[in-house]
1. Would you confirm whether any residue within region 24-37 is within 30 Å of residue 117 (Cα to Cα) and at pLDDT 85 or above?
2. Would you check which residues across region 91-100 are exposed (fewer than 12 other Cβ atoms within 10 Å of the Cβ) and either touching a strand residue (DSSP E or B) at 6+ places or on another chain (Cβ under 6 Å) or in a loop (DSSP other than H, G, I, E, B) (or both) and list them?
3. Restricting to region 42-90, name every residue that is under 12 Å from residue 113 (Cα atoms), without any contact (Cβ under 8 Å) to a residue 24 or more places away in the chain and assigned to a loop (DSSP other than H, G, I, E, B).
């Protein structure tokens, strides 16, 4: 009777241990894959950020600068945040333009992108301002914000 009782106690523990070990080994069953270069028809985010947005209705005049990208959890770009108005970053406001509203073409050098939208500078300045809040933050963003907060606190206490 004792061996049967011990078996009923030990068997579930062994099964649980085996299941945990298997889960830890495989994770989701996929190993990481690596790239040595960007695949065809792709680009890096810095090919967009910092670039001017041109107006198709105002003879390709520069009407703003791409400051940020709004990317969903699947990695798809939903919108670009464009800084409009102001001078040298002062008085500038951010407007989010949906990705599908933009046109990307290769420049004359066939390397850099020309980004244009079917809107005037005035229309962007009248658009509702995009405010970044309550969005998901990466660990890096949190660390950067914490270090900035700590530096500000130290500066305030020294004053």
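1. Of the residues in region 24-37, the ones within 30 Å of residue 117 (Cα to Cα) are 37.
If we keep only those that are at pLDDT 85 or above too, we end up with 37.
Yes, there is a match, as at least one residue in region 24-37 is within 30 Å of residue 117 (Cα to Cα) and at pLDDT 85 or above.
2. Scanning region 91-100 gives a single hit, 91.
3. Within region 42-90, the subset under 12 Å from residue 113 (Cα atoms) is 42-54.
Add one more test, that the residue is without any contact (Cβ under 8 Å) to a residue 24 or more places away in the chain, and what stays is 42, 44, 46, 49-50.
Within region 42-90, 42, 44, 49, 50 meet the criteria.
The values are calculated or read from the model by the stated rules, or taken from the named source; none is laboratory data. This one's a predicted model, so the numbers in the text were calculated from it and none came from an experiment. We place every Cβ from the backbone using ideal geometry, glycine too, and count neighbours over all the protein chains shown.
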